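Okay, structure first, notes after.
What follows is calculated from the coordinates using simple rules that are stated; it is not laboratory data. Just so you know, these numbers come straight off a predicted model, no measurement behind them. When we count neighbours, we look across all protein chains shown, and the Cβ atoms used for this are built from the backbone with ideal geometry, even at glycine.
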Amino acid sequence: MAGKALPFPNLRLIRAFLLLAALQGLCTLDKFVVHGSPRMHLVDLKVADKKDNPLLPEISPNSAPQPLIPLLAPSPLAPFLYNSRPKLSGQCTLNFTAADSLIRTTAVDCWTSFAPFLANVICCPQLRSTVQILIGQSSKETGLLALGGTHANYCLSDVEQILGSQGASYELQKICSIHPSNLTEGSCPVKDINEFESNVDSSQLLAACKKVDAVNECCSQICQNAILEAATKISLRDGGLPSMDIARSLPEHSSRLEDCRNVVLRWISSRIDPLSANKVLRRISNCNVNGACPLVFPDTIVVAKECGNVIKNHTACCHSMSKYVSHLQKQSFITNLQALDCAAKLGHQLQKMNVSTNIYTSCHITLKDFSLQVGTQESGCLLPSLPSDATFDPSAGISFTCDLNDNIAAPWPSASLAPSSSCNKTVRMPALPAATSSQTDGDRREVKLQQLIIMCLAFMMLII
C-alpha cells in the first residue's frame with residue numbers, strides 16, 4: 001500500500017524564517033575584526049540609543065552621522081552583488097574610463113555602510129578630488145575647465161550611479177554636500193583654458209603644485225599659496241575689484257574666490273596624470289580636514305554641575321565626563337590632529353562653564369576618546385593625519401588603518417591662550433600608527449568588517 005505523501009513545506013514560511021534570522025543577525029552580528037600582531041580580537045561597534053541619551057544631539061548626515069549597523073559587507077560575492085550596470089543619463093561627456101582607477105578607489109572609500117562615518121576624513125575629500133580630476137581631464141578635449149548647469153546635473157548623477165554600482169552609497173550628494181553647481185564655474189569669470197593661461201603664470205603654478213609634500217604643505221603652503229594667487233588673478237578678470245589684497249578681504253568676494261580656486265584645481269588636474277593629480281588634491285584638502293574638529297558638542301551643563309568650581313566629588317565628576325564623552329564616540333571617525341582640536345574645543349567650552357580643573361588628566365581622557373569607538377574594550381579609532389584610503393580585499397572585506405595602539409592623553413587647554421595651529425602643536429602626534437613592541441613596522445592594525453553571507457543568501461531567496 002502506497003504511503004501518504006509528506007506535506008511539502010510552505011516556501012513562504014521558510015523564506016520568512018530566513019528573513020527573521022537575517023534581521024536578527026543584523027542586530028547582533030555587527031562584528032569588526034581588529035587585526036594586530038600576533039592576535040586577532042573581535043570587537044563590537046557600539047550603536048547609539050537616543051532614548052537613554054538625552055544629551056545626544058540631532059546631527060545631519062553631512063556633519064556627524066548617527067551610527068548604523070552595516071547591512072552588507074564585501075565578500076567573494078561582492079563582484080556579483082555590486083558590479084551592476086549603472087543607470088547613466090547618456091548626456092554626460094566626461095571620460096570616466098580615463099579615471100577608472102580613481103573611481104574604484106572612491107567607491108571603496110565611500111562604501112555604502114561606511115560612507116557616513118568616513119565622510120569627513122576619507123570619503124568626501126576623495127569624491128571631490130575625483131570630480132575635479134574628471135573635469136580637468138575632460139578639458140583636454142573641450143578646452144573648458146567647468147561644466148554647464150544642465151550638463152553638471154547629468155554628470156554628477158552619473159558619477160553617483162557609477163560609484164553606487166561599485167558598492168558606494170547612493171546618497172553621496174547629501175553626505176558630502178556636493179551639488180551640480182560645484183561642477184560649474186560658479187561666479188568665476190574664467191573657465192576657458194586659453195584665457196586661464198593668458199592670465200596666470202601657469203609654469204610657476206605647475207612647479208609649485210606638480211608635487212606636494214604630504215607632511216609639510218599644510219604649514220609651508222607652497223602649493224596652496226600658488227593656487228590662491230592664481231585664483232585671485234582670474235577672479236579679477238572682469239575688473240570688478242581694484243586689487244588682490246582688497247579682493248581677498250571682501251566677504252562678498254569669498255565665494256567667487258572659492259569658485260575660481262576650483263577652476264585652478266581642474267587646470268592642475270589637466271596637466272598631470274589622474275593618480276598624481278589625486279595625490280596633490282588630497283594632500284591640499286587634507287589641510288582643511290585636519291584644521292577643524294568635525295564633532296557636534298552637546299550641552300556641557302551636566303559636566304559643569306559636577307566638575308565646576310571646586311570639585312566636591314571626583315567620582316561623580318568623572319562619571320559625568322565619561323557619559324558626556326560617550327556621546328562624542330557615536331559620531332564619526334576623526335584623525336589624530338582633529339582629536340587635538342576637539343579636545344581643545346571641548347576644554348575651552350568647559351572652562352567657560354567654570355570648570356578650571358584639568359579633568360582630562362584626573363578622569364583619564366585620551367585623544368582616542370573623541371573618535372568613534374570600535375569595540376567593547378572601548379578602543380577609539382583615530383585615523384592617520386596624512387591622507388589615507390580604505391582598501392578592499394575579496395576575502396576580508398573593507399579595511400582602513402586605525403591608530404588603536406597609541407594612547408596619548410588629551411591636553412587640557414590653557415585658559416589664557418588661544419588654541420594653537422596644527423603647525424605648532426605641543427603634543428607630538430604620529431601621522432601614521434606607531435607599532436607596539438610586539439609589532440613589526442608592517443603590522444599596522446586595521447578595522448575590517450566581516451561578511452554576513454547568510455543574510456545575503458536569505459534576502460536573495462526572498463526575491464527569487
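Side notes on the structure shown:
- Label-to-label distance, residue 104 versus residue 181, with points set 7 angstrom from Cα along the beta-carbon direction: 3.6 nm.
- Farthest toward positive dipole pole in region 300-399 [+1 Lys/Arg, -1 Asp/Glu at C-beta], among 333, 398, 387: 333
- Considering only Cα atoms, the convex hull volume of region 90-191 works out to 90 Å³ per residue.
- Other residues lying with their Cβ under 15 Å from the Cβ of residue 92 contribute a combined charge of -2, Lys and Arg counting +1, Asp and Glu -1.
- Cβ crowding within 10 Å averaged over residues, with 299-307, 366-374 ranked highest first: 366-374, 299-307
- Global form of region 352-392, assessed from the alpha-carbon gyration tensor, a/c cut-off 1.5: prolate
- Cα-based Rg of region 300-399 normalised by 2.2 N^0.38 Å, two decimals: 1.26
- In region 300-399, lysine pairs with alpha-carbon atoms under 20 angstrom apart (chain gap of 8 or more, or interchain): 11
- Peptides 122-132, 157-167, 143-153, 94-104 ordered by packing proxy, namely the average of other Cβ atoms within 10 Å per residue, highest first: 122-132, 157-167, 143-153, 94-104.
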